[in-house]
Protein chains: 2
Amino acid sequence: MDLVFKALADPTRRQLLDRLHARNGQTLNDLCEQMEMTRQAVTKHLVLLEAANLLSTVKNGREKAHFLNPVPINEIAERWIGKYERGRLKALSNLKRNLERQEP
Amino acid sequence: MDLVFKALADPTRRQLLDRLHARNGQTLNDLCEQMEMTRQAVTKHLVLLEAANLLSTVKNGREKAHFLNPVPINEIAERWIGKYERGRLKALSNLKRNLERQEP
DNA sequence: TTGACATGCAACCAAATGGTTGCATATTAG
DNA sequence: CTAATATGCAACCATTTGGTTGCATGTCAA
């Protein structure tokens, strides 16, 4: 879970996920295009994303395809966002009431 | 948006949000209890959370109460998780098909 | 009013992070 | 076979991050 949050914290990695979301199964070289950094830097990001189980790879000859794995993001939605969502209205009203209490 | 992801990336900060979720409006000293770090370290985390708009504070005399703001988390759920969620089943089936293609 | 308490601010430090360069290895095309 | 291509691995570097200590400031209680 912590690895997922850390992986999602970097804009470059979110961009990589976005690009895989747009077209799944891209190779490393594909993903390097339009990235303003070296191939090795992209590789490091992909390694982190894979460690967080946000993507899986399939080696095919000298190429390596990358596939998005939406499960961890779903887990965050379920276990974390949902929890906070349920208390949303209540927390908002509490906040409002407490703020108003300060300004007579 | 990036500030929110970065803020959520640290386990200490998620713990702080959890504790505010359990009991809203706690003071800095409250939040420092059971934290294995100095008050100043906790302060730094709270500053980041506030910069990400994940909590708001109300100063009352010499105390400062902290209130959870669930809006940014909701925005992540809406704009990011939702997008990936919608493609979940499709992506999973694609992944499965591509994996099977590799193992005859 | 004075001492205790709650918080703020700044300098400093070690470790993690995000990037680079250079080279090695494996596969495919000609 | 050989050259080009796709990727892997490791050392190195600057900046950010997460923490510390020390001290300053403001507020409440006795």
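A short reminder: the numbers here are calculations on the coordinates, not readings from a lab. Just so it is clear, the structure is predicted and the values come from calculations on it, not from any experiment. Cβ coordinates were reconstructed from backbone atoms using ideal geometry, including for glycine residues, and neighbour counts include every protein chain displayed.
Summary table
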{"read-out": "Descending semi-axes in whole angstrom, ellipsoid equivalent of segment A:17-75, from the Cα gyration tensor", "value": "18, 13, 11"}
{"read-out": "Averaged over B:67-80, number of beta-carbon atoms from partner chains that fall within 10 Å", "value": "5"}
{"read-out": "Segment residue A:36-residue A:48, length gained on full extension (0.36 nm per residue, minus Cα span)", "value": "2.5 nm"}
{"read-out": "Per-residue ³J(HN,Hα) for segment B:59-72, Karplus 6.51 cos²θ - 1.76 cosθ + 1.60, θ = phi - 60°, Hz, x for Gly and Pro", "value": "8, 9, x, 8, 9, 9, 8, 10, 10, 5, 10, x, 4, x"}
{"read-out": "Least to most buried among A:6, A:44 (fewest other Cβ within 10 Å first)", "value": "A:44, A:6"}
{"read-out": "Greater than 20 Å apart at Cα, pairs in A:44/A:64; B:44/B:64; B:6/B:44; A:6/A:44; A:6/B:59", "value": "A:6/B:59"}
{"read-out": "Residue mean of other protein chain beta carbons inside 10 Å, A:7-15", "value": "3"}
